Amino acid sequence: MEKLPKTTSYIELLKNHIDLTHVPFSDRGSRLLVFKTENHDTLYIKLAERLTALQPGLDTYRFRPPYIQDLTLIDAEGMALAFNLTTYPHQLVFETRLGAFRLAFNRGDTIAIGLPEDTDAGIRFRVSTQLWQRTDDGGSLRAVRNLAYHCSGQVLRNEVGLEREAYVVELVAAGGQDLTIHLNIRNDPNVNGMTVPFSQTLAERQRDWEEWFDRVPRVDERFSRHYYYAWWVMRNNLVAPLGRVTREAMMPSKINYVGIWNWDACFHALAYRHVDAELARNQLRTMIDCQLPDGMIPDAVYDEEVVASIEHPFKAEVTKPPIMAWAALKLHETDPDDAFLAEIYIPLVRWNAWWFSMNDDDADGLVQYNHPYSSGLDDSPLWDYGMPVESPDINTYLCVQMGSLAVIAEALGMDSEGAMWRRRASAIVQRMINDFWDENSGTFRALHDHQPIDVTTPFNLYPLWTGQLPEHIRERLLGQLTDPNKFWGDIVIPTVARDDPHFDPATMWRGPVWANINYFFIEALEQIGRHDLAGELKNKTLDLIMAHDGIHEYYNGVTGEPPATAASIFGWTAAVFIDLAIRASSGDAG
C-alpha cells in the first residue's frame, strides 16, 4: 500500500475531523475543554477535573454544568455573530461577517482568542466561578476556579453583570492587528499574565502539533486519516502532573473518564512507545506511584484522590487486571531499558502477591474477583449471579503477568527467579483446566460458590492466551471463537456470545465489541501460531474503527455502530488502532 507522502500536511489531513459539539478541543497538558453548543453559534468550556473536595462523588463531575457558558463572538454593539466553524488540531477558526476569529491554547491554563483585524469586536460569556449547593438548613457557595481575562488591544467596553447565578462578562476591543483575548483559568489566585500576539500563540501550537505528528511512524495511506486522528487523541488527552497525578499522563477521555486508570495506562503506553519511550513508561509509573502498602495498585487516580474502593454496586476494594508487566515488556521491545525493568519489578511482584493473598478465599491457587469493577468488565453478565467470582480471565492475566515477570527477572540476571515464575505460570494453567474446563460446552466456566456460571463470553476462552493448553482444548476453544453464531463474522469479537440469552449488542460489556479485547485475542492467536486468524482479526478490528469518523469506547456487536453511551476520543481504542495500523503497514503477518 502507498504511504502518505511526507509533504502532506497532517494538520490539513485532520481539517474538520473534530466534531466540536461532541468532542472537546483541548491540548497537551490542559484540563480545559472547549465545545460548540449544538444548534447555536456559542461555545462553552468545561473542566476535566472532578473537584470532589467541592462536590463529593466519583461521577458528579459528569453532571456539573460548564464553567464558562454562552461564549459568544460579538461586534462593537454587542450583537452576537453567526459563524462557520473550521477545526484543526491546533486551532479553531470562526468565519463571521466581520472576518475570522480564531481560538488556540496559549498554554494549558490559558485559552487565546484572536480577533478579526481592523474591526471592533469582542466576546461575551457567562461564568460560574462558584458552586452553589442547597442544604436542608441553608446552602453553600464554594469557589470552583479562578478566572482572569485580558485583552492585548485598546478596550472599548468592559462590563460585568449578574444573570442566572453567574457573572456575565462583555469585552470589546478597538480594531487593530494581531489582537488577542486571553482567558486564564487556574486553581490558584495568581491568574494574571501578559497577553502575547495571537500569531505567536498559533505558531507555537502549530509547531508543537507538527513536531508530534512528524515523530509518529508512517503507515499505509488507507489508515492515514484515522491514524493521525488517533494520534491527535493521544496528545489531546494528556494532562500535566497535579496533586496525586505525579506524571504527565493520559485520561481515557477528558469528557467521560476524568483521571488516570490502571488498565488504560497500559494500553496508552502501547502507542506512546512509538514516539516517546519515557512518556510511555510514565503511564505505568503514574499508577505504580499510587501503590498501597499492601501491594495493591488501585483502580484510578485523579488530582485529589486515589480510587482504591468503590461503594456501588457494593463497597469493596477495586483495582484492574494485572497487565503492567506485559505492557512493560512491550515497551522494552521498542526501547530496551533494564533500569526501568529493575525500577518496576518489586512493585509488580508485590501486586502479584496481593492478588493471591487477598483474592483466593478457598486457597485453591485460583484468584477471584471480589468486585465486578476490578475485572474492567463492569456490567458483564458473568457477575449477575453474585460475587466473588473465580474467572478464567483474571487467572489468565496472572499467568501472562507471571510469564512476563519471568522475562523481566531473567533480563535482570535473576535466572532462578525467572524459572520460579515460569513454574507458577504453568501451575495456574493446570489449575484452570482442573477447575474451570467444561468438556460439554467446550469452554472454561467462571465459578460462583464453586458452581459454573452459565454465560458464554470471550473471557471463557481467555486461556488460549497462555499458549500452554493441550491440543484438544485449544482446538475446542478455537472452534468456539471462530463460530459465526457466537463470536466470529464481520463484527468481531462481541463481549457475550451472540447465541447467549444475555447478549445485548449495545450495552457496554454485555455484547459490544471492545478493541482492547480484540488486541488480547490477536496476541493469543499469534502465540499459538494461528497467524491467519490473528491477521483476520487485526484487519477486522481496524476496519471496524475506520468505519466511523470518531474513536469510540466500544461498538455495537451486531451493527458495528458506536452506541450513544460509548465515550468518544477514547484512549485505548486510539492506542490499539495505532499499534495495529503500524503492524499492518510493516507487513506483520499476525
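The values are calculated or read from the model by the stated rules, or taken from the named source; none is laboratory data. What you see is a predicted model, and the numbers here were worked out from it, not measured in a lab. For neighbour counting, all protein chains shown are included, and Cβ atoms are generated from backbone atoms with ideal geometry for every residue, glycine included.
Summary table
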quantity: Residue in segment 67-79 that is under 30 Å from Glu311 (Cβ atoms) and modelled with pLDDT under 95 present; calculated: yes
quantity: Residue count for segment 98-126, restricted to those that are within 18 Å of Leu43 (Cα to Cα) and of a type in the set (D, E, K, R); calculated: 4
quantity: Count - residues of segment 534-572 that are touching a residue at least 60 places away in the same chain (Cβ under 8 Å) and in a helix (DSSP H, G or I); calculated: 5
quantity: Count - residues of segment 472-489 that are of a type in the set (Val, Ile, Thr) and part of a helix (DSSP H, G or I); calculated: 1
quantity: Tally of residues being aromatic (Phe, Trp, Tyr) and more than 20 Å from Pro217 (Cα to Cα) across segment 250-285; calculated: 3
quantity: Where a residue in segment 248-265 is farther than 14 Å from Arg285 by Cβ and its partner, wherever it lies, is buried (at least 23 other Cβ atoms within 10 Å of the Cβ) and β-branched (Val, Ile, Thr), with Cβ under 7 Å and at least six apart; calculated: Met251/Val239; Met251/Val258; Met251/Ile260; Ser253/Ile569; Gly259/Val301
quantity: Members of segment 297-329 found to be small (Gly, Ala, Ser) and in a loop (DSSP other than H, G, I, E, B), listed by number; calculated: Ala308
quantity: Boolean, Ile408 is surrounded by fewer than 18 Cβ atoms within 10 Å (Cβ to Cβ) and hydrophobic (A, V, I, L, M, F, W, C); calculated: no
quantity: Complete set of residues in segment 197-222 that are touching a helix residue (DSSP H, G or I) at 6+ places or on another chain (Cβ under 8 Å) and either outside any helix (DSSP H, G or I) or within 20 Å of Arg124 (Cα to Cα) (or both); calculated: Val216, Pro217, Arg218, Val219, Asp220
quantity: Considering residues of segment 311-325 that are of a type in the set (A, V, I, L, M, F, W, C) and surrounded by fewer than 19 Cβ atoms within 10 Å (Cβ to Cβ) only, the residue modelled with the lowest pLDDT; calculated: Phe314
quantity: Residues (in a loop (DSSP other than H, G, I, E, B) and touching a residue at least 24 places away in the same chain (Cβ under 8 Å)) located in segment 451-460; calculated: Ile453, Val455, Thr456, Thr457
quantity: Top-ranked residue in segment 547-571 [being hydrophobic (A, V, I, L, M, F, W, C) and surrounded by fewer than 22 Cβ atoms within 10 Å (Cβ to Cβ); ranked as nearest to Gln283 (Cα to Cα)]; calculated: Ala567
quantity: Residues of segment 361-370 that turn out to be crowded, with 16+ Cβ neighbours inside 10 Å and assigned to a loop (DSSP other than H, G, I, E, B), as a count; calculated: 4
quantity: Residue match in segment 374-381 (condition: outside any helix (DSSP H, G or I), at pLDDT 95 or above and at positive phi); calculated: yes
quantity: Number of the exception - Ala574 against (1) surrounded by 24 or more Cβ atoms within 10 Å (Cβ to Cβ); (2) out of contact with any helix residue (DSSP H, G or I) (no Cβ under 6 Å at 6 or more places or on another chain); (3) not aromatic (Phe, Trp, Tyr); calculated: (2)
quantity: Contacts under 9 angstrom Cβ, first residue in segment 401-429 being modelled with pLDDT of 95 or more, partner polar (S, T, N, Q) and not in a helix (DSSP H, G or I), 6 or more apart; calculated: Ala425/Gln468; Ser426/Gln468; Val429/Gln468
quantity: Selection within segment 94-110 - over 15 Å from Leu71 (Cα atoms) and among the aliphatic types (A, V, I, L, M); calculated: Leu98, Ala100
quantity: Residue satisfying all of: in segment 178-196; at pLDDT 95 or above and not in a strand (DSSP E or B); surrounded by the most Cβ atoms within 10 Å (Cβ to Cβ) among these; calculated: Leu179
quantity: Any hit, segment 528-536, residues being β-branched (Val, Ile, Thr), at pLDDT 95 or above, buried (at least 23 other Cβ atoms within 10 Å of the Cβ) and touching a helix residue (DSSP H, G or I) at 6+ places or on another chain (Cβ under 9 Å); calculated: no
quantity: Checklist (1) surrounded by fewer than 20 Cβ atoms within 10 Å (Cβ to Cβ); (2) in contact with a Cys (Cβ under 8 Å, 6 or more places away or on another chain) applied to Asp220, failing item; calculated: (2)
quantity: Any pair with Cβ under 6 angstrom, 6 or more apart, that starts in segment 270-288 at a residue that is of a type in the set (S, T, N, Q) and ends at one that is in a helix (DSSP H, G or I) and at pLDDT 95 or above; calculated: Gln283/Ala265; Gln283/His268; Gln283/Ala269
